[in-house]
Amino acid sequence: MTKKANAFDDIEKILQDIGSKIEELIETGAEASVELRDDIEKKIQQLKIEKEKLEKEFEEKKSNFEEKYKGKKEKMEPKFKESMKHVKEAIQSLANAINALMK
């Protein structure tokens, strides 16, 4: 999950960078001539809409992944516990065998 969490963090950072770039465009648009200003404002609005769509889609995918991960984890937890029990028994048997050899 850590690897996936890092991927989610990376995507969130990219979305934040997009937001800051849009803000920079807004500042640039405020300084532009009247003719360019209208064109820049239209582009900015399109970018904001696309950014919002990306954020929404990202959140949906992230939630979906987390639900699936949680479901799989809960489903596999008893099997992991059972396996751990067997591993502990195997280690104990190995330790007993080594002790028997040492005597």
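Side notes on the structure shown:
- Scanning the range 37-59 for residues that are open to solvent by 80 Å² or more (accessible area, probe 1.4 Å), at pLDDT below 85 and either small (Gly, Ala, Ser) or touching a Leu at 6+ places or on another chain (Cβ under 8 Å) (or both) turns up just one, Lys43.
- Residue count for the range 60-99, restricted to those that are of a type in the set (Val, Ile, Thr) and open to solvent by 80 Å² or more (accessible area, probe 1.4 Å): 2
- When the range 60-103 is filtered for residues that are modelled with pLDDT under 80 and among the polar types (S, T, N, Q), only Asn99 remains.
- Checking the range 29-36 against the condition returns a match, with at least one residue being open to solvent by 80 Å² or more (accessible area, probe 1.4 Å), in a helix (DSSP H, G or I) and not charged (D, E, K, R).
The values are calculated or read from the model by the stated rules, or taken from the named source; none is laboratory data. From a predicted model like this one, the values you see are computed outputs, not experimental measurements. Methodologically, a virtual Cβ is constructed for each residue, glycine included, from the backbone with ideal geometry; neighbour enumeration extends over all protein chains shown. Calculation scope for accessible area: heavy atoms of the full protein, side chains included, ligands and nucleic acids excluded. Shrake-Rupley method; radii C 1.70, N 1.55, O 1.52, S 1.80 Å.
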